[in-house]
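The values are calculated or read from the model by the stated rules, or taken from the named source; none is laboratory data. A quick note: this is a predicted structure, and the numbers were derived from the prediction, not measured. We place every Cβ from the backbone using ideal geometry, glycine too, and count neighbours over all the protein chains shown.
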Amino acid sequence: MKTDIHRILELGYAYRLVWQCGRWLCMASIAVTALRGILPLVSLFLLKRIVDAVVLALGEGGTPETFRRVFWYMGWAAGVALLEAAGRGLGTLIAEDQSQTVADRMQERIQAKSAAMDLAFYETPSHQDTLHRAQVEARYRPLRIVNEISKLSVNLLSLGGVGVVLMAFHWLFGLILLICMVPDIWYALRVSRQLFEWRKATTEKERKALYLHSILTSVENAMECKAYGFAKVLIARFKALRLNIRSERLQLLKRQVGGEFLAQSVSILVFFGGLGYLILQTKTGGMTVGSLVMFAQALRRAEGFIREGLLSFAHLYEDSLFLGHIREFMELEPTIRAPENPTNLPINGTSGFALKHVSFQYPDTDKWVLRDVSMELKPGRHVALVGQNGSGKSTLIKLLCRFYDPTEGVLECGGIDIRQFDPVAYRKLISIMFQNFNHYCMSARENIWLGNVALDPRDARLEQAARQADAYDMICRLPEGYETQLGRRFRKGLDLSYGEWQKIALSRTFLSDAPLLVLDEPGSFLDPNAEARVFENLKALTKDRTMIFVSHRFSTVRHADYIYVMDQGRIAEQGSHDDLLRLDGRYAEMFYRQATGYSHE
């Protein structure tokens, strides 16, 4: 129970979120809520006056004076009804405005928080569950909490007023109303807790279903889906997952409906019992017909206010539980953070980079992906990483970009441990093209500009970067040149070949003047002539900069100043191309195997 009270108190967190998104809307909502809570009491009072006036008028033979009084009360009642209708409409308008504003602001907050998190966050399934829950709940939970607080406030205000009216007749009515609420409150808390636990347990199933849906409906997967014909199999898996989720939810709902029926039966019996008592009092002359109508309406409304209020209370408790998902995500902190007093970066990073006895294990694993790796990346030097798949090349690049920190050893820039720098500032020293580079469904210009958003999108350096990546002529041939929408996701979008997309990605990488250039398989989709032109341009581009690249094409690797051969997370060999051939080890074996394949062709 203590935990439940604590959860309810946490609703202030949601209200703060909504208040920050629009304080004037919140104040307007509070004012409308107060008005809507008071008007039903005025309506009850006027109803009593109308009925009593009608009875009096009929008893006196219907004189003009008595009927004028009836219509006078009816006019006031109509005015109150109009105010109630206006309040409902205004409340709906305010709620919709708040809904859109809060949803957008919460998405912005989640986007900003997500961008600030470490790469490890995205590569950990449990964190993906946390992100999924936060994304789902943030769309509506904070505002629903505020709306439910508003509804609960209206119902409590109205119930309080109705309770006063009923207690004016007999104090036992107030006590009975309180007793009626106890079983409903207990059951509402129980059901909300069960629903929360169930949804938390089904998060991964929900994510799997969404993933299968994305495979079956996204343009990125359309070709393989049709070529391999696996759509029916995945649809069957999707249906099985959704059936399992629906079945579990239905079982929970069945128990919920049964319990709610028993709890509400008490309220219904109390209402009709109270109504019978009021009728007896009227029969014996204990009250007027108008009073009977007023008290009967008060009883009916009290029952409705209790039911709606308890529903809002149940939703509030449920939302307070789910709010923990949003709060859990928003309170996450990246493990890679700026030190309290970060060291200034070396000017342009011209003193180079170094790895010293670096070893690494991914979080929550025991496997060593890198072991005792040391290398030096000097300014103006072209360094190549080669090795079989899974030898640790891509992981080494992740450490160099400080997506992770080494488990052992240090990475240095200018002789300083990179952990002493602000990670955001440090990454500006690096321009990188990943092996799985992104295809942004934006214009060709925007695709390149994302590599250095500090520039104006129309800066001449964008075209210069495109020339260096051998993309300029290709872009000029597009229907609208640099303004051509790329990708098929949006209207007038034009898709490119993988080689053309890679040229765009290289242009994006070359736009930055960072002192360290990192290229992971830069020629994997380029034809030999295009690759040769790109690497020829790189000589001038990286004259005073450090470049490290990963490649399986030895026609490219051989031109590197220095080569590191990776094997099972260690540096197996190192040296120039000629040195490694003379060594006649792993590098020579891979080189001659590839060369033999070409000669046989």
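Just a few scattered comments:
- The residue that is nearest to Arg570 (Cα to Cα), among those in the range 383-416 that are acidic (Asp, Glu) and free of Cβ contacts under 8 Å to residues at least 60 places away in the same chain, is Glu408.
- Among the numbered conditions (1) surrounded by fewer than 19 Cβ atoms within 10 Å (Cβ to Cβ); (2) in contact (Cβ under 8 Å) with a residue 40 or more places away in the chain, the only one that Gly481 does not meet is (2).
- Residue match in the range 403-424 (condition: at pLDDT below 95, among the small types (Gly, Ala, Ser), more than 33 Å from the chain's Cα centre (by Cα) and outside any strand (DSSP E or B)): yes
- Criterion: under 19 Å from Gly352 (Cα atoms), in contact (Cβ under 8 Å) with a residue 60 or more places away in the chain and among the basic types (Lys, Arg) - qualifying residue of Arg419, Arg427: Arg419
- Test: Arg467 is more than 25 Å from Ala514 (Cα to Cα), of a type in the set (D, E, K, R) and in contact (Cβ under 8 Å) with a residue 60 or more places away in the chain: no
- Within the range 67-87, residues that are of a type in the set (Val, Ile, Thr) reach partners that are in a helix (DSSP H, G or I) with beta carbons closer than 8 Å, at six or more positions or on different chains, in the pairs Val70/Ile50; Val70/Ala53; Val70/Val54; Val70/Ala57; Val80/Leu39; Val80/Val42; Val80/Ser43; Val80/Leu46.
Conditions (1) of a type in the set (Ser, Thr, Tyr); (2) more than 22 Å from Leu541 (Cα to Cα); (3) over 32 Å from the mean Cα position of the chain (by Cα), marked per residue:
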residue	(1), (2), (3)
Ser443	yes, yes, no
Asp456	no, no, no
Ala460	no, no, yes
Gln468	no, no, yes
Ile475	no, no, yes
Asp495	no, yes, no
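- The residue that is nearest to Met442 (Cα to Cα), among those in the range 487-511 that are touching a strand residue (DSSP E or B) at 6+ places or on another chain (Cβ under 7 Å) and at pLDDT below 90, is Gly493.
- Residue satisfying all of: in the range 366-384; of a type in the set (Val, Ile, Thr) and under 15 Å from Asp405 (Cβ atoms); farthest from the chain's Cα centre (by Cα) among these: Val373
- Candidate set: the range 77-131, residues that are at pLDDT below 80 and outside any helix (DSSP H, G or I); chosen: the one surrounded by the most Cβ atoms within 10 Å (Cβ to Cβ): Thr124
- Residue within the range 168-177 that is within 30 Å of Ala338 (Cα to Cα) and at pLDDT 65 or above present: no
Yes or no, residue by residue, for (1) closer than 28 Å to Arg402 by Cβ; (2) of a type in the set (A, V, I, L, M); (3) touching a helix residue (DSSP H, G or I) at 6+ places or on another chain (Cβ under 7 Å):
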| position | (1), (2), (3) |
| --- | --- |
| Pro423 | yes, no, no |
| Ile432 | yes, yes, yes |
| Cys441 | no, no, no |
| Ala469 | yes, yes, yes |
| Cys476 | no, no, no |
| Glu483 | no, no, yes |
| Lys492 | no, no, no |
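- Per-region count, the range 362-382, residues surrounded by fewer than 17 Cβ atoms within 10 Å (Cβ to Cβ), more than 19 Å from Gly575 (Cβ to Cβ) and either in contact with a His (Cβ under 7 Å, 6 or more places away or on another chain) or touching a residue at least 24 places away in the same chain (Cβ under 8 Å) (or both): 3
- Across the range 20-32, the qualifying residues are those that are touching a helix residue (DSSP H, G or I) at 6+ places or on another chain (Cβ under 6 Å) and modelled with pLDDT under 75, and the one among them that is surrounded by the most Cβ atoms within 10 Å (Cβ to Cβ) is Cys21.
- Near pairs, Cβ below 8 angstrom, 6+ apart or cross-chain, from the range 124-137 (over 12 Å from Gly324 (Cα atoms) and in contact (Cβ under 8 Å) with a residue 24 or more places away in the chain) to any residue that is in a helix (DSSP H, G or I) and basic (Lys, Arg): Gln128/Arg207; Asp129/Arg207; His132/Arg207
- Matching residues, the range 243-265, being modelled with pLDDT under 80 and basic (Lys, Arg): Lys254, Arg255
- Residue in the range 511-521 that is surrounded by fewer than 19 Cβ atoms within 10 Å (Cβ to Cβ) and either within 29 Å of Ala354 (Cβ to Cβ) or within 39 Å of the chain's Cα centre (by Cα) (or both) present: yes
- Of all residues in the range 566-587 being within 41 Å of the chain's Cα centre (by Cα) and not polar (S, T, N, Q), the one that is surrounded by the most Cβ atoms within 10 Å (Cβ to Cβ): Met566
- Residue list for the range 511-564, restricted to those being more than 25 Å from Trp449 (Cβ to Cβ) and among the polar types (S, T, N, Q): Asn529, Ser551, Ser555, Thr556
- Of the residues in the range 457-467, at least one is among the aliphatic types (A, V, I, L, M), in contact with a Ser or Thr (Cβ under 6 Å, 6 or more places away or on another chain) and under 28 Å from Thr395 (Cα atoms).
- Subset of the range 328-345 (residues that are charged (D, E, K, R) and either farther than 22 Å from Ala112 by Cα or modelled with pLDDT of 80 or more (or both)): Glu331, Glu333, Arg337, Glu340
- Condition check for Ile448: surrounded by 18 or more Cβ atoms within 10 Å (Cβ to Cβ), at pLDDT 90 or above and in a strand (DSSP E or B): no
- Subset of the range 346-362 [in a loop (DSSP other than H, G, I, E, B) and either modelled with pLDDT of 85 or more or of a type in the set (Asp, Glu) (or both)]: Gly352, Gln361, Tyr362
- Residue check for Leu385: surrounded by 21 or more Cβ atoms within 10 Å (Cβ to Cβ) and more than 25 Å from Thr130 (Cα to Cα): yes
- Annotation: Leu399 fulfils all but one of (1) part of a helix (DSSP H, G or I); (2) modelled with pLDDT of 90 or more; (3) surrounded by fewer than 21 Cβ atoms within 10 Å (Cβ to Cβ); the unmet one is (3).
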